[in-house]
1. For segment B:36-68, which residues satisfy the criterion of being within 13 Å of DNA strand C (Cβ to nearest atom) and in contact (Cβ under 8 Å) with a residue 40 or more places away in the chain?
2. Considering only segment B:5-20, how many residues are more than 10 Å from DNA strand C (Cβ to nearest atom) and among the hydrophobic types (A, V, I, L, M, F, W, C)?
3. Considering only residues of segment B:14-29 that are part of a loop (DSSP other than H, G, I, E, B) and touching a helix residue (DSSP H, G or I) at 6+ places or on another chain (Cβ under 9 Å), which is nearest to DNA strand D (Cβ to nearest atom)?
4. Within 14 Å of chain B (Cβ to nearest Cβ), within 16 Å of DNA strand C (Cβ to nearest atom) and at pLDDT 90 or above, is that true of A:V23?
5. Would you check which residues across segment B:80-114 are touching a Gly at 6+ places or on another chain (Cβ under 8 Å) and among the acidic types (D, E) and list them?
6. Answer yes or no as to whether B:K13 is farther than 30 Å from A:D115 by Cβ, touching a Pro at 6+ places or on another chain (Cβ under 8 Å), surrounded by fewer than 16 Cβ atoms within 10 Å (Cβ to Cβ) and of a type outside the set (F, W, Y).
7. Could you check segment B:33-62 and list, in sequence order, the residues that are more than 8 Å from DNA strand D (Cβ to nearest atom), within 14 Å of chain A (Cβ to nearest Cβ) and over 11 Å from the mean Cα position of the chain (by Cα)?
8. Counting only residues that are under 16 Å from B:D114 (Cβ atoms), modelled with pLDDT under 95 and in contact with a Phe, Trp or Tyr (Cβ under 8 Å, 6 or more places away or on another chain), give me the strands (runs of 3 or more DSSP E) lying completely in segment A:30-145 with at least 2 of them.
Number of protein chains: 2
Amino acid sequence: MGEDRGWPEGLKKTKPREHVLEVLEKADKPMSAMEICSAIEKGGNASWISTVYRILELFVKKGAVNKINMMGNEVAVFELNRFHHKHYAVCISCHKIFPMRNCPMERFLPSLDDDEFHVLGHNLEVYGYCGRCDPENGGEEAAKE
Amino acid sequence: MGEDRGWPEGLKKTKPREHVLEVLEKADKPMSAMEICSAIEKGGNASWISTVYRILELFVKKGAVNKINMMGNEVAVFELNRFHHKHYAVCISCHKIFPMRNCPMERFLPSLDDDEFHVLGHNLEVYGYCGRCDPENGGEEAAKE
DNA sequence: AAGGTAAATGAGACTCAATAGCATTTATAC
DNA sequence: GTATAAATGCTATTGAGTCTCATTTACCTT
């Protein structure tokens, strides 16, 4: 039936799943389940939070979506897996998320007490002040903190 | 009054705070608020979860304790800040936590779209299979997954 | 050492992200 | 088209973490 390029292998194609994927494809930043739900509704379609969670869980399991838990941000966010290895920096004042262009793990071998440990991957998050919030930068947003 | 070596600067010394600190000092791994609460009760003292949370929050703010949010582990864990920069590897099968001896960020400069971003710190977590759980190692624990 | 006071705690209610349950609907195989 | 296993709609529940407020406590002052 063509056109299902990008559809995760071996998954039934249902309306809610298509909606979630569509929203994530258009997203320019990781989104929470609630945000995804709202975006679908804003697009004129019904959406239920529990269904969104179920779909996201499935997509994550299939590797089509990445789940990200930024510290200080109590809710999990999700992004399409575009298969670029990627990390984010988060502003501790405004909580905005900035993608990083490089990764420190490229040429690094962790040293563990358990030397049998089989490393499969890593998560990294950098935190600090973004340009607008940096107090040393006169960032007015920083006053909130 | 001597003896308050290691007590966080400028904090009233109360029973509950002493208990929390004591538990964290003895801990050989990061602990959840609930685990800390149980440990105090096991020591024969009363302990309330809301108080433990309040104390931990305060200690974190004062820099005496680190809060760690490992992915896949839904609860936050806390450890005494021993002022060694440290990261952990977590087993995706048994969820045990292994301290890492080195850090990839030592000689690394993140490259961000916002080049005004002021980096203050980072969190890193490595995941994989520990020696006991590694399927390629005949790890029987891996069957659970 | 006693008293005053601001801060901390005890105890429980509450919030809200995330999950579980179950009746109904829907996608795909036949 | 029909069967049927899976997905969804929708509600209720869970559980980590927070909030509230009356009571208690640490510690400063005298």
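1. B:I36, B:L58, B:F59, B:K62
2. Here is the first cut: in segment B:5-20, the ones more than 10 Å from DNA strand C (Cβ to nearest atom) are B:5-9.
Checking the rest, the ones that are also among the hydrophobic types (A, V, I, L, M, F, W, C) come to B:7.
Total meeting the criteria: 1.
3. From segment B:14-29, those part of a loop (DSSP other than H, G, I, E, B) are B:14, B:27-29; that's our starting set.
After this cut, where a residue has to be touching a helix residue (DSSP H, G or I) at 6+ places or on another chain (Cβ under 9 Å) as well, the list is B:14, B:27.
On the way: B:T14: 4, B:A27: 16 Å.
Going through the qualifying residues, I end up with B:T14.
4. Values: within 14 Å of chain B (Cβ to nearest Cβ): no; within 16 Å of DNA strand C (Cβ to nearest atom): yes; at pLDDT 90 or above: yes.
So A:V23 does not fit the description; no.
5. Scanning segment B:80-114 gives a single hit, B:D114.
6. Working: farther than 30 Å from A:D115 by Cβ: yes; touching a Pro at 6+ places or on another chain (Cβ under 8 Å): no; surrounded by fewer than 16 Cβ atoms within 10 Å (Cβ to Cβ): yes; of a type outside the set (F, W, Y): yes.
Against the criterion (farther than 30 Å from A:D115 by Cβ, touching a Pro at 6+ places or on another chain (Cβ under 8 Å), surrounded by fewer than 16 Cβ atoms within 10 Å (Cβ to Cβ) and of a type outside the set (F, W, Y)), B:K13 does not qualify.
7. If the condition is that a residue be more than 8 Å from DNA strand D (Cβ to nearest atom), within 14 Å of chain A (Cβ to nearest Cβ) and over 11 Å from the mean Cα position of the chain (by Cα), then B:K61 is the only one that fits.
8. Values: elements: A:65-68, A:77-80, A:88-91, A:97-99, A:118-129.
Counting at least 2 such residues, we get A:88-91, A:97-99, A:118-129.
The values are calculated or read from the model by the stated rules, or taken from the named source; none is laboratory data. In this text, all values refer to a predicted model and were calculated from it rather than measured experimentally. Positions of Cβ are backbone-derived with ideal geometry, glycine not excepted, and every protein chain shown enters the neighbour counts.
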